[in-house]
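Have a look at the structure below, then the notes.
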């Protein structure tokens, strides 16, 4: 089956900062000199090792398209006829413990994305890299970037030091709601804590698989702390989290909420209903088997078809060839996932 991707909105594409000098051009003299004096070569994370097969598809390794806006456009947007691609830069700002330095690097990354990507192709949109080590600086960075409507989301990493429902983050959500920005929660970690509840794993495969556990915690925190009650216009997009875990987790969360609802009286409806209205998930990796019957059963367990947003996870390798969605999705659902759901989620994508 040949898929028509024309006009699709890819909600997770990864530009890669090629080297530290690419960011120094967007830093003031103090921070540029600090980088040089301290001998900072880069901030890298083990979440996506450069030479790991899932980080960069083998057929793209030589050209490194993720380091250049034009090469990514040629390999992805032009090839498939996508309408837009949302850029989520995973430069490891979240690992920086110095909140002042984190803010400087976040601003440099956002300006690098603006000038080296957004300015070079009108189909690109981007997430604001948020230095949430400091609430005040995070809000300031959102306010600085938000007037540029090509920024459509505020980007978090799933493995935070504190769950995202905590009130310290609420001014960030207020700024996002004010500007019509969802929060994007991407798989990954600051690695300030172990990535599992049982300590540090040995292998990268364990680390990556544990990302869904961090998503469990973040969904539970956002719901239990009442974030979506306080900010009813806010949406959260779980990026690269997988899909199959959500239904059983919501069953468990809703079941126990019924028994302890007096503890959280601000939650006035089932957690699954709150999630239906405020949580979205990207499709890569769509962790479902090839069996059409099984796919249908899994999708039926989601609270709503409105929750799925198309993503390629380019240039990461989550699928074989161009099989970015299961071939047996019906046409109506395919249209929703590719175009309608992303437009409904990202208000700034409106024509």
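Residues in the range 247-291 that are in contact (Cβ under 8 Å) with a residue 60 or more places away in the chain and in contact with a strand residue (DSSP E or B) (Cβ under 6 Å, 6 or more places away or on another chain): 279, 280, 282.
Hey, can you tell me all the residues within the range 295-311 that are part of a loop (DSSP other than H, G, I, E, B), touching a helix residue (DSSP H, G or I) at 6+ places or on another chain (Cβ under 8 Å) and in contact (Cβ under 8 Å) with a residue 40 or more places away in the chain? Those that are part of a loop (DSSP other than H, G, I, E, B), touching a helix residue (DSSP H, G or I) at 6+ places or on another chain (Cβ under 8 Å) and in contact (Cβ under 8 Å) with a residue 40 or more places away in the chain: 302, 303, 310.
Here is a yes/no grid of residues against (1) within 21 Å of residue 103 (Cβ to Cβ); (2) assigned to a helix (DSSP H, G or I); (3) touching a strand residue (DSSP E or B) at 6+ places or on another chain (Cβ under 9 Å); (4) modelled with pLDDT under 75:
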position	(1), (2), (3), (4)
2	no, no, no, yes
5	no, no, no, no
22	yes, yes, no, no
55	no, no, no, yes
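Filter the range 257-278 down to the residues that are farther than 14 Å from residue 165 by Cβ and part of a loop (DSSP other than H, G, I, E, B), then identify the one that is modelled with the lowest pLDDT. The residue in question is 268.
Go through the residues of the range 91-104 one by one and say whether even a single one is modelled with pLDDT of 95 or more, buried (at least 20 other Cβ atoms within 10 Å of the Cβ), within 24 Å of residue 56 (Cβ to Cβ) and in contact with a helix residue (DSSP H, G or I) (Cβ under 7 Å, 6 or more places away or on another chain). The answer is no, given that none of the residues of the range 91-104 is modelled with pLDDT of 95 or more, buried (at least 20 other Cβ atoms within 10 Å of the Cβ), within 24 Å of residue 56 (Cβ to Cβ) and in contact with a helix residue (DSSP H, G or I) (Cβ under 7 Å, 6 or more places away or on another chain). Candidates in the range 228-248 are the residues that are part of a helix (DSSP H, G or I) and farther than 15 Å from residue 280 by Cα; of these, the one that is modelled with the lowest pLDDT is 248.
In the range 326-343, the residues that are on the phi < 0 side of the Ramachandran plot form Cβ pairs under 6 Å with partners that are surrounded by 15 or more Cβ atoms within 10 Å (Cβ to Cβ) and part of a loop (DSSP other than H, G, I, E, B), at six or more places apart or across chains, as follows: 337/310; 338/8; 338/310.
Scanning the range 184-226 for residues that are out of contact with any strand residue (DSSP E or B) (no Cβ under 9 Å at 6 or more places or on another chain) and at positive phi yields 199, 226.
If you go through the range 287-294 one residue at a time, do you hit one that is crowded, with 19+ Cβ neighbours inside 10 Å and touching a helix residue (DSSP H, G or I) at 6+ places or on another chain (Cβ under 6 Å)? Looking for residues that are crowded, with 19+ Cβ neighbours inside 10 Å and touching a helix residue (DSSP H, G or I) at 6+ places or on another chain (Cβ under 6 Å), one finds none in the range 287-294, hence no.
Can you confirm whether residue 27 is over 21 Å from residue 239 (Cα atoms) and either surrounded by 15 or more Cβ atoms within 10 Å (Cβ to Cβ) or touching a residue at least 24 places away in the same chain (Cβ under 8 Å) (or both)?
Criteria met by residue 27.
The set of residues from the range 8-23 being closer than 25 Å to residue 154 by Cβ and surrounded by fewer than 19 Cβ atoms within 10 Å (Cβ to Cβ) comprises 18, 20, 22.
Those residues that are within 13 Å of residue 89 (Cβ to Cβ) and under 17 Å from the mean Cα position of the chain (by Cα), I need them from the range 132-155; list them, please.
Of the range 132-155, the ones within 13 Å of residue 89 (Cβ to Cβ) are 145, 151, 153-155.
Answer for the range 132-155, where residues must be within 13 Å of residue 89 (Cβ to Cβ) and under 17 Å from the mean Cα position of the chain (by Cα): 151, 153, 154, 155.
For the range 325-351, the candidate set comprises residues that are over 20 Å from residue 127 (Cβ atoms) and assigned to a loop (DSSP other than H, G, I, E, B); within that set, the residue that is modelled with the lowest pLDDT is 351.
The values are calculated or read from the model by the stated rules, or taken from the named source; none is laboratory data. All of these numbers come straight from a predicted model, not from anything done at the bench. Backbone-built Cβ (ideal geometry, glycine too); neighbour counts: all protein chains shown.
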